[in-house]
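The values are calculated or read from the model by the stated rules, or taken from the named source; none is laboratory data. The model shown is predicted, which means the values in this text are computed figures rather than measured ones. For neighbour counting, all protein chains shown are included, and Cβ atoms are generated from backbone atoms with ideal geometry for every residue, glycine included. Just the protein is used for accessible areas: all its heavy atoms, side chains included, with ligands, DNA and RNA removed. Shrake-Rupley method; radii C 1.70, N 1.55, O 1.52, S 1.80 Å.
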Amino acid sequence: MCPPPSPTPELVSKNRFLGFLIWQTFTSTTIYFLTKLFLLSFFTTPKFSPSQLYFSLLKFFTFTFSNLLFSSSLSILSSPQPLPYASPLQLAAGLIRFAFVSSPAEPEFRRRALVSARFVVSVVVAGISGALSVVCLCGFDGFELIARLGFRGFVLGVLYGLFYVYKKKWVLEFPIIQRPLFYSFKMGLPLSVKRALKLSNVAYLFLAVLQVFLPEQLKSGGTMGQFITEQIILYIGSFSVVFCWELSHHLHQVLHTKRFLFAPPKGSAAAETNPSEPLLAALEESIPDSLPQYLAYLDLCMVCENNVDTWRRAAFFEETGETYKRVVAACLRPLEQLASNMSEGLEGCSVDKAHQLSNQLQSPTDSRLDSRHCEPLNNFQKYAWCARAVASLTTWSHKEDRFGVAQLTGSNAAVTSTLISSLLAVEAFMGKKTSLQPQHLMGPAAIKWNTPNTGRRDVVTTKKQGGSLHAKAYAMADVLRTSVYSIVSTFHDEMFTSTKAGLLEKDWVIKTKPLFGTYELLVQKLRHFLDFRAN
């Protein structure tokens, strides 16, 4: 019997979404019955009648539906990377321009406006889900009670939705260590309880203050004992609802960021003939920056770095070299895009040395640089996987490449050139000097003496050192620098021999113009790595 074919990338996303809805339904059902039986049963009087059974089933199915609605909004909003969005002022300006000028909106504005619309829809859906969930958990007796609880549940959902959007919890965070699903879920339970307590406390205090300004119909009535009982029920219900949402968010993160093996079953005919085709198809045919593409790069990085799937890595070095070239091209394409985008953004920051003092006196919180460089660095996770994967694959080629495809196809030179060019672009963004240093001005221990003003144009950036964007740049530079060092450490003897023969540039640097920097600058940077003094 033939094994089933590998699922397509789109089918992988659909299967994970359906699995998430199933597990979410299980957890929300468990929380619902535990809350009803062990917490709220002390404050309510059970009634046994056919109508009461009917209303109990209706409340349960409505609660389940509200949580499925919330979970669906999570999947619609989620993304592997932070998405650029339009602020309220930008949306207002765009609408006014469209209404009075009648000019078509720019594609970038439409894309940002669509992301903002998804945020608004997600917040509204969270409010509706909160209203239905709180009503189903806390009470279903009388229109006034339903209206009062529904309003408070809606406010609770809106607050949680705003918190979810503001904290960018919709961004999928891939764990450094891939653990089994049950263990990952168990690890997140204490944190979910802690967050649910904090958020329910904040929401309860906000509702207590808001109640002062509400009309009489939405205020709690009755005796003091009834008021206290209603507040206790409301707090327990709010905590249970927020706990359901936190578990849904945690399940969504765990299930969607788990590694997927883009490979045929080991021992099958496809595994013997072309085991790399499912992975290459996911890398090349998936929608850019989509979840399937991120999962494909994660799988590729783990195959290249670890010794678990050695048979899959060995298939990259097949005799024709076509598979190796496709894998390397898939890894270098995002890094080339990073270097190209940052090069274009830094061109506007290129100034004469005579104007550097005036730039240094500007505010370091200039937001124009942030908007120019934020989008390329938002793909940090994918760029890191690409750099680590292609560096590890180049390193393993020293031992596992029986046919010499890495050297014969010229991939080694392309890999080192792209990594160094991307590193120079990131370092320029961080404010490091990227101009070529004359060799006669290099002292012992790589000390750089002061250089006279040669009239060159250097890249000057004024960045706030403590910003999150600067932290991403530092992390990206560390990944690129470590990747180059891993290649240099493995091929140090060969590079040292090539340097003596004057062939280092020919073997390890491409002749074409790099995306950032110059050919001479790449050669000098490679020599710094070879001397272990690149920092």
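Each 10 Å bin, from zero up to the one with the longest distance, holds this percent of the alpha carbon pairs of the range 194-318: 11, 26, 17, 11, 13, 12, 9, 2, 0.
For THR229 and LEU189 in one chain, what is 0.36 nm times their gap in residues minus the Cα-Cα distance, to one decimal in nm?
Value of the extension gain: 11.6 nm.
Phi-derived couplings, Karplus 6.51 cos²θ - 1.76 cosθ + 1.60 at θ = phi - 60°, listed residue by residue for the range 77-93: 7, 5, 7, x, 9, x, 9, x, 10, 9, 6, x, 5, 5, 5, 5, 5 Hz, with x used for Gly and Pro. Here the spin labels are modelled as points 7 Å beyond Cα on the Cα-Cβ line, and at THR310 and SER49 they lie 7.4 nm apart. The distance between label points at TYR474 and ARG527 comes to 3.1 nm (points 7 Å beyond Cα on the Cα→Cβ vector).
Legend: calculated FRET efficiency, ALA147 to ARG402, from the Cβ-Cβ distance at R0 = 60 Å, rounded to 0.05, equals 0.20.
When both the range 322-336 and the range 284-319 are represented by their alpha-carbon centers, they are found 11 Å apart.
Modelled spin labels at ARG179 and SER340, positioned 7 Å past Cα toward Cβ, are 4.0 nm from each other. Applying 1/(1 + (r/R0)^6) with R0 = 51 Å to the Cβ-Cβ distance of ASN201 and ALA501 gives a FRET efficiency near 0.15. Averaged over its residues, the range 119-276 has an accessible area of 49 Å² per residue, based on protein heavy atoms and a 1.4 Å probe. The gain in end-to-end length when the LEU210 to GLU108 segment is fully stretched comes to 32.8 nm, 0.36 nm per residue minus the alpha carbon separation. Relative to the Cα centre, the charge distribution of the range 125-204, modelled as +1 at Lys and Arg Cβ and -1 at Asp and Glu Cβ, gives a dipole magnitude of about 440 debye. To the nearest 0.05, what FRET efficiency results for GLU319 and VAL121 with a Förster distance of 51 Å applied to their C-beta separation? According to the calculation, E is roughly 0.45. Residue-wise HN-Hα couplings along the range 403-419, as the Karplus relation 6.51 cos²θ - 1.76 cosθ + 1.60 with θ = phi - 60° gives them from phi, are 9, x, 5, 5, 7, 5, 7, x, 6, 4, 5, 5, 5, 5, 5, 5, 5 Hz; Gly and Pro carry x.
When the accessible area of the range 217-281 is computed with all protein chains present and a 1.4 Å probe, what percentage of it is carbon and sulfur? Mind showing how you got there, number by number?
Values: 1700 of 2610 Å².
Exposed carbon and sulfur together represent 65 percent of the surface.
What shape does the range 485-535 take by its C-alpha gyration tensor, where a ≥ b ≥ c are the square roots of the eigenvalues and a/c under 1.5 counts as rounded, a/b above b/c as prolate, and the rest as oblate? Oblate.
Just to check, using Stokes-Einstein with a Kirkwood Rh over alpha carbon pairs, what's the diffusion coefficient of the range 167-231 at 25 °C and 0.890 mPa s in µm²/s?
Values: Rh = 15.7 Å.
Answer, rounded: 157 µm²/s.
Taking Lys and Arg as +1 and Asp and Glu as -1, the other residues whose beta-carbon sits under 14 Å from that of GLU318 total -1.
Compactness of the range 69-147 was expressed as the Cα radius of gyration divided by 2.2 N^0.38 Å, which yields 1.54.
Taking other residues whose beta carbon is less than 13 angstrom from the beta carbon of LYS511, and scoring Lys, Arg as +1 and Asp, Glu as -1, yields -1.
For the range 89-139 versus the range 181-198, the inter-centroid distance based on Cα atoms is 30 Å.
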